[in-house]
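> Got a structure for you, questions after.
The values are calculated or read from the model by the stated rules, or taken from the named source; none is laboratory data. This is a predicted model, so every value here is computed, not measured. Methodologically, a virtual Cβ is constructed for each residue, glycine included, from the backbone with ideal geometry; neighbour enumeration extends over all protein chains shown. Note: accessible area is taken over every heavy atom of the protein model, side chains too, but ligands, DNA and RNA are not part of it. Shrake-Rupley method; radii C 1.70, N 1.55, O 1.52, S 1.80 Å.
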Amino acid sequence: MSAIFDSRIIEQWKARGQDHLFDYWDERAPEMKQALLDDLQTLENDVYELLRQQLKQQLDDKGQRHIEPIAHIPEREWRGDARARAMGEDLLAAGKVAFLTVAGGQGSRLGFEGPKGCFPISPIREATLFQILAEKILAARNRLNRPLFWYIMTSDMNFEETRRFLESNGYFGLREQEVSFFTQGLFPSLSAQGQLLLAEDGRLFQNPNGHGGTIAALRDSGCIDHMRENGVEELFFFQVDNPLVRIPDYPFLGGHVQRGSQMSTKVVEKAYPEEKLGVIGYVNGKPGVIEYSDISEKNQKARDDRGNLLYSHGSIAVHIFNVDFLDSHSGRLPLHVARKQIQSWKPEPGGGVVQQREAVKFEMFIFDALADAENPLFFETTREEEFAPLKNKTGPDSIDTCRQGMINLYARWLEANGVTVPMRDGKPVHRIEISPTFAWDAQSLRESLKQRRSTTVNRIDEDILLT
Ligand code: UTP
């Protein structure tokens, strides 16, 4: 870039009250200066203005929203629907469905070095989240005997490590051309006064723009074109941190298409009113998800005439999107704001100092796309069967609960096949692991066990790995 161009960028940002970014400018290394100028140049003006507006609004009125209850489809009405099941299977067999995993988050609560998908989670093999998800797709691919596409969203921060991890593990049996990586956008964090901040390396302090960044990133990266070229019509979306996700779910897929929905979401019943689960409802008249931090205590506990919670069901972040819908969407979703402590760099004479300070982080959430979809639907499912997220090191949604969720599910599959599973305090005494390529539900377990008569299991008296 030319010096004139550089000074124009500097003048532009100074005119917006961001002089502090250029303090002691002449003392910085040329590469450091260039990197900051590159960041500023790619930061779209209207995005910066939107962030500032959002910040002001949040500080002024805390974003009051009017909410009302919304209906869901009870599991008994769709899970056993034979026509929907057949339709879902046909869609997959015809190559009309692809898979998408969002893995661009920072996993700060887990505090694991590296992408969360590389966390070893399975009870015995210690297979990583990525391995388990890949094996689920592999199992479906082997069953249908056709290639299936898997798109993985990363952020700039973990793209290389994620790509290398899957590549060096041979994509866990999938073919290289079936797996695509793409990166989501970034949003700068701001100070409470709306100022841009610097990171330790002198660049802008930015964070991935939330899983809501998926829509724009899919389009910008060419993934939507790739889907179209390959006849993909529906996209099955799930997060990297839920190893229980049911892949594929034929009646869910079939039900979504049969009922003419552009976006369908799985929901589970809340375990108790205060549970930290985003609940579904109308938000200012449009279908959506209300985060647990945004719902008042009164609404959290409100009940109907029959004593049922008004806001009884929450999203487990498993969605199906119609590809035409994604393609026609602007990619812009509402901004959500969170305060957090960050390490920010402050230029000073002879160098600079890194200081801890409060910053405001902005993100977009994918479930806000429900408001833009035609006929969005909420499919109820059973939590224990398909939701055990890995969020924290300890406590709820932690390494232990996630692993236990896997063991409990495999134990139920074994019991459904007449195997005795000794229990203590409501949990299986021994560790159990069933790899997704061995079985993906109780029925397929029956078939796999039959095929391997030599390893007949009647009772679990020690740790068992079926693979
Ligand atoms: P979470 O909101 O739980 O965030 O993401 P996280 O990054 O995993 O963990 P914390 O909050 O920092 O502790 C839910 C899913 O959305 C993805 C994550 O990778 C995870 O699969 N995600 C989140 C993105 O892909 N991009 C983002 O910007 C944020």
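> How many residues are within 16 Å of the ligand (Cβ to nearest atom) and open to solvent by less than 50 Å² (accessible area, probe 1.4 Å) if we restrict to region 138-164?
8
> Of all residues in region 317-334, count the ones that are of a type in the set (A, V, I, L, M) and more than 16 Å from the ligand (Cβ to nearest atom). Write out each step before concluding.
Here is the first cut: in region 317-334, the residues of a type in the set (A, V, I, L, M) are 317-318, 320, 323, 326, 333.
Still in the running and more than 16 Å from the ligand (Cβ to nearest atom): 320, 323.
Final tally of qualifying residues: 2.
> Further question on the same structure: How many of the residues in region 335-364 are of a type outside the set (D, E, K, R) and either modelled with pLDDT under 95 or within 15 Å of the ligand (Cβ to nearest atom) (or both)?
Of the residues in region 335-364, 13 are of a type outside the set (D, E, K, R) and either modelled with pLDDT under 95 or within 15 Å of the ligand (Cβ to nearest atom) (or both).
> Another question, if that's okay. Search region 1-41 for residues being in a loop (DSSP other than H, G, I, E, B) and hydrophobic (A, V, I, L, M, F, W, C), and hand back the single one that is nearest to Pro349 (Cα to Cα).
By that ranking, first place goes to Ala29.
> Restricting attention to region 177-205, and to residues there that are open to solvent by 30 Å² or more (accessible area, probe 1.4 Å) and under 19 Å from Gly17 (Cβ atoms), which single residue is farthest from the ligand (Cβ to nearest atom)?
Ranking the qualifying residues of region 177-205, first place goes to Gln193.
> Restricting attention to region 45-64, does a residue exist that is of a type in the set (Gly, Ala, Ser), open to solvent by less than 20 Å² (accessible area, probe 1.4 Å) and either more than 28 Å from Asp156 (Cα to Cα) or assigned to a strand (DSSP E or B) (or both)?
No, because not a single residue in region 45-64 is of a type in the set (Gly, Ala, Ser), open to solvent by less than 20 Å² (accessible area, probe 1.4 Å) and either more than 28 Å from Asp156 (Cα to Cα) or assigned to a strand (DSSP E or B) (or both).
> Looking at (1) within 13 Å of the ligand (Cβ to nearest atom); (2) open to solvent by less than 50 Å² (accessible area, probe 1.4 Å); (3) of a type in the set (D, E, K, R), which is the only condition Glu135 fails?
Unmet for Glu135, out of (1) within 13 Å of the ligand (Cβ to nearest atom); (2) open to solvent by less than 50 Å² (accessible area, probe 1.4 Å); (3) of a type in the set (D, E, K, R): (1).
> Continuing with this model, one more query. Could you please find all residues in region 218-239 being within 11 Å of the ligand (Cβ to nearest atom) and open to solvent by 10 Å² or more (accessible area, probe 1.4 Å)?
If the condition is that a residue be within 11 Å of the ligand (Cβ to nearest atom) and open to solvent by 10 Å² or more (accessible area, probe 1.4 Å), then Gln239 is the only one that fits.
> Here is a further query. Within region 95-109, track down each residue that is more than 6 Å from the ligand (Cβ to nearest atom), open to solvent by less than 10 Å² (accessible area, probe 1.4 Å) and either in a loop (DSSP other than H, G, I, E, B) or not aliphatic (A, V, I, L, M) (or both).
The answer is Gly95, Phe99, Thr101.
> Determine whether region 111-119 contains at least one residue that is assigned to a loop (DSSP other than H, G, I, E, B), within 16 Å of the ligand (Cβ to nearest atom) and within 22 Å of Cys223 (Cα to Cα).
The answer is yes; a qualifying residue exists.
> Here's something else I'd like to know. Among the residues of region 317-330, are any of a type outside the set (Phe, Trp, Tyr) and part of a loop (DSSP other than H, G, I, E, B)?
yes
> Taking region 112-132, which residues are more than 16 Å from the chain's Cα centre (by Cα), open to solvent by less than 50 Å² (accessible area, probe 1.4 Å) and not polar (S, T, N, Q)?
Answer for region 112-132, where residues must be more than 16 Å from the chain's Cα centre (by Cα), open to solvent by less than 50 Å² (accessible area, probe 1.4 Å) and not polar (S, T, N, Q): Gly114, Pro120, Ile121, Pro123, Ile124, Ala127.
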